[in-house]
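A short reminder: the numbers here are calculations on the coordinates, not readings from a lab. Please read these numbers as outputs of a predicted model, since none were measured by experiment. Glycine gets a Cβ as well: all are built from the backbone with ideal geometry, and neighbour counts include every protein chain shown.
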Amino acid sequence: QVPLVESGGGLVQPGGSLRLSCAASGFTFSMYAMQWYRQAPGKEREWVATISKAGMGTNYATSMRGRFTISRDNAKNTVYLQMNSLEPEDTAAYYCHCPIPNYWGQGTQVTVSS
């Protein structure tokens, strides 16, 4: 059973929006902070955002702050990433991550292009 499964990626025009979801299973989701990362072709994987286990605390990478919003629904074992004002530079595979016990999802591709 894959502990983290992302969905919601796709092709969007510049300035558009997407909402990514990451469904968790097989562990007590509400006990752990969750994160989103992304990796563009030929680049290192970079941290996007973190949300605390209860959802009360969030942090964002500088370039995403004000455009991206991380949230979670512990009743649904799901973490979300709302992405607005998307730019071509946001094109990447997006991954959710549970830092403890270091689970990664398989990723969902986001392509921003006209």
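Report ³J(HN,Hα) in whole Hz for each residue of segment 71-87, in order, from the Karplus equation J = 6.51 cos²θ - 1.76 cosθ + 1.60 where θ = phi - 60°; Gly and Pro get x.
Coupling constants for segment 71-87: 8, 8, 10, 5, 5, 9, 6, 9, 10, 10, 9, 8, 10, 10, 6, 5, 10 Hz.
What is segment 30-90 by shape, rounded, prolate or oblate, if you read a ≥ b ≥ c off the alpha carbon gyration tensor as root eigenvalues and call it rounded for a/c under 1.5, prolate for a/b larger than b/c, and oblate otherwise? Let's see the in-between values first.
Values: a/c = 2.17, a/b = 1.78, b/c = 1.22.
Prolate, since a/c reaches 1.5 and a/b exceeds b/c.
Which whole-number percentage describes the relative contact order of the chain, with Cα contacts under 8 Å and a sequence gap of 6 or more? It would help to have the intermediate numbers written out before the result.
Working: 275 pairs, mean separation 42.2, N = 114.
It rounds to 37 percent for the chain.
Count charges around GLU46 for me, please; just the other residues with Cβ under 13 Å from its Cβ, Lys/Arg as +1, Asp/Glu as -1.
Local net charge: 0.
Please name which of SER113, ALA40, MET56 has its Cα lying farthest along the dipole of the chain towards the positive end, using unit charges on Cβ (Lys, Arg +1; Asp, Glu -1) and the Cα centre as origin.
Going by the Cα projections, it comes out as MET56.
Which whole-Hz ³J(HN,Hα) couplings does segment 13-24 yield from phi under the Karplus relation 6.51 cos²θ - 1.76 cosθ + 1.60, θ = phi - 60°, glycine and proline marked x?
Result, rounded to whole Hz: 7, x, x, x, 10, 9, 10, 8, 10, 9, 8, 9.
How long are the three semi-axes of the equivalent ellipsoid for segment 1-50, computed from the Cα gyration tensor as the root of 5 times each eigenvalue, in whole Å, largest first? Please report the intermediate quantities before stating the final value.
Numbers: eigenvalues 110, 41, 25 Å².
Taking √(5λ) for each eigenvalue gives 23, 14, 11 Å, largest first.
Multiply the residue gap between GLN106 and LEU11 by 0.36 nm, knock off their C-alpha separation, and tell me the result in nm, one decimal place. Walk me through the numbers on the way to the answer.
Working: separation 95, 0.36 × 95 = 34.20 nm, distance 1.80 nm.
Additional length available on full extension: 32.4 nm.
Any idea what the dipole of the chain comes to, in debye rounded to 20, about its Cα centre with Lys/Arg Cβ at +1 and Asp/Glu Cβ at -1? Walk me through the numbers on the way to the answer.
Values: 9 positive and 7 negative charges, 49 e Å.
Taking the Cα centre of the chain as origin, the dipole is about 240 debye.
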